[in-house]
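The block underneath contains the structure these notes are about, expressed in structure tokens.
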Amino acid sequence: MTDLARDKLKDPSLYEPGKAYINGKWVTAKNGKTFDVVDPFTRKIIGTCPEMGKEDVDEACAAAHAAFPAFSRKTGRERAKMLRKFDEAFNANRADLVHLLIKEIGKTKAEAEAEITYASSFFDWFAGEAERMYGDTIPAANPVMRIHTMKQAVGPVAAMCPWNLPLAMLARKVGAALAAGCTVVAKPAGESPLSTLAMAEIATRSGYPPGVLSVVTCLDRTAEVGEALCRNEHIRKVTFTGSTRVGKLLARYSADGLKKLSMECGGNAATIVFDSCDIEKAVTSVITSKTRNAGQTCVAANRIFVQSGIHDEFVKRFIAKLSTMKQGDGYAAGTMMGPLIHERAVDKARLHVQDALQKGAKLEYGPAKAPPLGPDDGFFYPPTVLTNLQSDMLISHEETFAPVAAIRKFNTEEEVIKEANNSSVGLGAYVFTTDLRVATRMSEALESGMVGINTGILSASEGAFGGVKESGYGREGSKWGLDDYTTLKSVTTDVS
Ligand code: SIN
């Protein structure tokens, strides 16, 4: 059994083969089973993790429950200091965390570095917010009564994270939870558990008591573990980033215990480029959004609408830029895009392109049929540009999660608003125009939780991240991100 990830760690104790992390200790699954973690670039096994089940979830949740009373009683100042120490330790282990991200997801070095910086920004932001859990004084109608509110930690949290930005997505949840005084049981995706486990070990080393942050891992038993987390009696809040299909299931499981929920589910970002834009800026920004993490983010530009006056020029410049983006080994200098996460992801991109071409899309760049992958090939899908995107195409309704850009020409603002909102989900959307009136009208009309104006990046720890419609509910990051980990208690005092 190879353990390539560990061989290259400066601190090999950030990963224990075959073990996850419960109650401050590295532990095997109670059933003794493990699964392999595979590098999507080499297809080599880089590590093993326990294939945990309900029995392990119950142990981790009991530890979170036991740790909660003492941890939640810490003052905001104490919790802020702990988070800052954690952030320092996290950054001190940057090289190893970057290595783990490159190996388990196939990120480029620049992207892995950017993810660590992004993750760290949540610790930093929420360290500040820990001291700002304000309540209110409510003027009572009855003269002998006094009413005030206080915010308190909601309780132990189950945090389920995706593989695309495993550390940043976890930091966005854990940073808020630890700031509020909640304990956490995290479940990383089976594709990317190693970086998450390292983060938990770093948290303990930086001073968090056992049980404050545990990590359960699984691949084949993901459905069982997800359900067990949502149904566990100790868990008071469930937070999930991932697909709408799974989000709905987890919400159903959580309903029995009336758990507090945050759901950051899929997107299908409408990206609208008006004639009135700065075209060079628009091209660069749309490419940034489309190719970040090889196209694998929930806020990637998915449906690109370009106004007729600049459509052809935009497509020409878009291809000229996209064609310079080299795919390859995340570690190699000059690589700008890594592989997709697994073969299923490549098959999905293939399906979306074929479906679009059959329904009348025009292939502007990339292969009509991507060559089949050899047994040792990394999971790459070539950058592709299609025009004449139509509403009946799969790519109009599902996130492609690959470097496939689907472009559609439009004429009027009214027409594009209607098409952009023709989606069951609404996470991110982008508008490119230098006309303030158009930008304002569009930001109000688009049915999405976030709108980027003249930018392809929506993500910031201080910004409110989240969606509407079937993209979910709750906000992460920002001052509202902390609220999602608190309950509001009202205290009424008779002073007579
Ligand atoms: C996501 O893909 O879910 C989030 C990406 C981000 O935070 O920018």
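The values are calculated or read from the model by the stated rules, or taken from the named source; none is laboratory data. The structure presented is a predicted model; accordingly, all values stated were derived computationally and were not measured. Methodologically, a virtual Cβ is constructed for each residue, glycine included, from the backbone with ideal geometry; neighbour enumeration extends over all protein chains shown. The area values use the complete protein model at the heavy-atom level, side chains included, leaving out ligands, DNA and RNA. Shrake-Rupley method; radii C 1.70, N 1.55, O 1.52, S 1.80 Å.
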(Q) Could you derive backbone 3J(HN,Hα) for region 398-415 from the dihedral phi with the Karplus parameters 6.51, -1.76 and 1.60 (θ = phi - 60°), listing whole Hz in sequence and x where the residue is Gly or Pro? (A) 10, 5, 7, 6, 6, x, 10, 9, 10, 10, 9, 7, 9, 10, 10, 4, 4, 4
Q | Rounded to the nearest 10 Å², the accessible area of Lys248 at probe 1.4 Å | A | 90
(Q) Quick one: 3J(HN,Hα) in Hz for region 436-453, Karplus 6.51/-1.76/1.60 with θ = phi - 60°, rounded, Gly and Pro as x. (A) 4, 5, 5, 4, 5, 4, 5, 5, 7, 7, 6, 8, 8, x, 9, 10, x, 9
Q) Mind listing the phi-derived Karplus ³J(HN,Hα) values for region 66-72, rounded to whole Hz, using 6.51, -1.76 and 1.60 with θ = phi - 60°, and x for any glycine or proline? A) 5, 7, 4, x, 5, 5, 6
Q: Quick one: give the max-minus-min coordinate of the C-alpha atoms of region 356-496 along each principal axis, largest first, in Å.
A: 81, 46, 26
Q. What accessible area per residue comes out for the chain, rounded to a whole number of Å², with a 1.4 Å probe?
A. 39
Q) So what are the three principal axis dimensions of region 385-456 from its Cα atoms, in whole Å, longest to shortest? A) 32, 25, 21
Q) Considering amide H positions built from the backbone, and no H for Pro or chain starts, which residues 5 or more places from Thr34, or on another chain, come under 5 Å of its amide H? A) Glu51
Q) What's the local net charge at Gly374, with K and R +1, D and E -1, over the other residues with C-beta under 13 Å away? A) -2
Q. How do Ile319, Ile272 rank by accessible surface area computed with a 1.4 Å probe, from largest to smallest?
A. Ile319, Ile272
Q. Using helices alone, what [θ] at 222 nm do you get for the chain, with -39,500 (n - 2.57) per DSSP H run of 4 or more residues, divided over all residues and rounded to the nearest 500?
A. -12000 deg cm²/dmol
Q.
Need one number: % antiparallel among DSSP beta bridges in the chain, to the nearest 5.
A. 40
Q. So how much accessible area does Glu462 have, in Å² to the nearest 10, using a 1.4 Å probe?
A. 110
Q: Please list, in chain and number order, the residues 5+ apart from Thr486 or on another chain whose amide H is under 5 Å from its amide H, with Hs placed from the backbone.
A: Val154
(Q) Tell me which trypsin sites (Lys or Arg not before Pro) from region 289-357 have a DSSP coil assignment and no more than 15 other beta carbons within 10 Å of their own. (A) Lys326
Q | 5 angstrom amide H check on Tyr430, placed H, neighbours 5+ away | A | Ala270, Thr271, Ile272, Gly452
Q. What do you reckon, how do Met336, Met263, Met82, Met150 stack up by accessible area (1.4 Å probe), largest on top?
A. Met336, Met150, Met82, Met263
Q: Starting from the Cα gyration tensor of the chain, take the square roots of the eigenvalues, sort them a ≥ b ≥ c, and report rounded, prolate or oblate (rounded when a/c is under 1.5, otherwise prolate if a/b is larger than b/c, else oblate).
A: oblate
Q | Accessible surface of Thr324 - all protein chains present, 1.4 Å probe, nearest 10 Å² | A | 90
Q: Measure up Lys103/Lys290; Lys8/Lys237; Lys103/Lys281; Lys25/Lys151; Lys260/Lys290; Lys10/Lys85 against 28 Å on the Cα-Cα distance and list the ones that go over.
A: Lys8/Lys237; Lys103/Lys281; Lys25/Lys151; Lys260/Lys290
